[in-house]
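Notes follow the structure.
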Amino acid sequence: MKPRFYFDLQQHIFDPNNRFNYQTNPDWLELRADRFTASNAADLLSKGKDADGLSKSIKTLINSRTMQNRTGWIDDSAVSYSEKECITRGLVYEDEARKWYERQTGRSVVECGFVERGSYIGCSPDGLVVDELRTVQIKIPMPANFVNAILNGWKDYVPQCHFERFVCCFKVADLVIYSPELQTGKIIEIPADPEIDQNILSKIRSAVKYRDAANAAIDELLQ
């Protein structure tokens, strides 16, 4: 199934008087709802001990979403204060990092608010190099974490990059680790891997099956 690109969709709406103040765009949230996205990729692709191969963390996510959809309950513990700080930092410096990447590579990056592929998966890449079928994911670690990120920590982001490339049906993903304090960074090219793509597809099928079973169990209780 071919992906659909929402190039004009903004993920966040900023206060023009305060760039640190933003709110999530409800249109983006609606498109993202009930989909497995790139931010879930590490949990989704981790190997679990159960017969379905799903990790405990992705099952916890599915369970939480199931209850949220049924009751409106929101898990406030899902994002910590430090994670919110990192998200804000990324939003503030993402454009600077994207321009640095363009200068370093000579590539032209197109922003895209959301990409959906079918009914179950989607992603919000930080940029697309459309003529090269290349996704761009930007990470801006806190200063204390930057050195670790460029040495070995970047490997933690590889599942997210593969997932975005898979959703977009692209050939390669570029991971950008950027430091606004140093005004430089590192670019890691992650090529397509058929084995990983097959694993993504298999895990998505298992996750959807588990989600359907969770909803059926609740339906049975409510009858």
Check on Leu44, over 19 Å from Glu116 (Cα atoms), in contact with a helix residue (DSSP H, G or I) (Cβ under 6 Å, 6 or more places away or on another chain), modelled with pLDDT of 90 or more and surrounded by 15 or more Cβ atoms within 10 Å (Cβ to Cβ):
no
Filtering the stretch 181-199 down to residues that are in contact with a Pro (Cβ under 9 Å, 6 or more places away or on another chain) and surrounded by 16 or more Cβ atoms within 10 Å (Cβ to Cβ) yields Ile196
Taking first residues from the stretch 27-38 that are over 19 Å from Tyr210 (Cβ atoms) and free of Cβ contacts under 8 Å to residues at least 24 places away in the same chain and second residues anywhere that are among the polar types (S, T, N, Q) and part of a loop (DSSP other than H, G, I, E, B), the pairs with Cβ under 9 Å that are 6 or more apart or on different chains are Asp27/Gln10
For the stretch 85-135, enumerate the residues that are over 30 Å from Lys203 (Cα atoms) and of a type in the set (Phe, Trp, Tyr).
Tyr93, Trp100, Tyr101
Check the stretch 177-189 and report whether any residue there is touching a Leu at 6+ places or on another chain (Cβ under 7 Å), within 20 Å of Ser39 (Cβ to Cβ) and at pLDDT 95 or above.
yes
I'd like to know if the stretch 80-90 contains one or more residues that are farther than 19 Å from Pro125 by Cα, in a helix (DSSP H, G or I) and either of a type outside the set (D, E, K, R) or modelled with pLDDT of 95 or more (or both).
yes
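Give the residue, chosen from Pro125, Pro143, Pro159, that is touching an Asp or Glu at 6+ places or on another chain (Cβ under 7 Å) and either farther than 18 Å from Phe5 by Cβ or at pLDDT below 95 (or both).
Pro143
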Taking the stretch 47-64 and the residues there that are touching a residue at least 60 places away in the same chain (Cβ under 8 Å) and surrounded by fewer than 17 Cβ atoms within 10 Å (Cβ to Cβ), the one that is farthest from Arg165 (Cα to Cα) would be Asn63
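The values are calculated or read from the model by the stated rules, or taken from the named source; none is laboratory data. If you're wondering where the values come from, they're calculated on a predicted model, not measured in any experiment. Cβ sites come from the backbone with ideal geometry, for glycine too, and all protein chains shown count toward neighbours.
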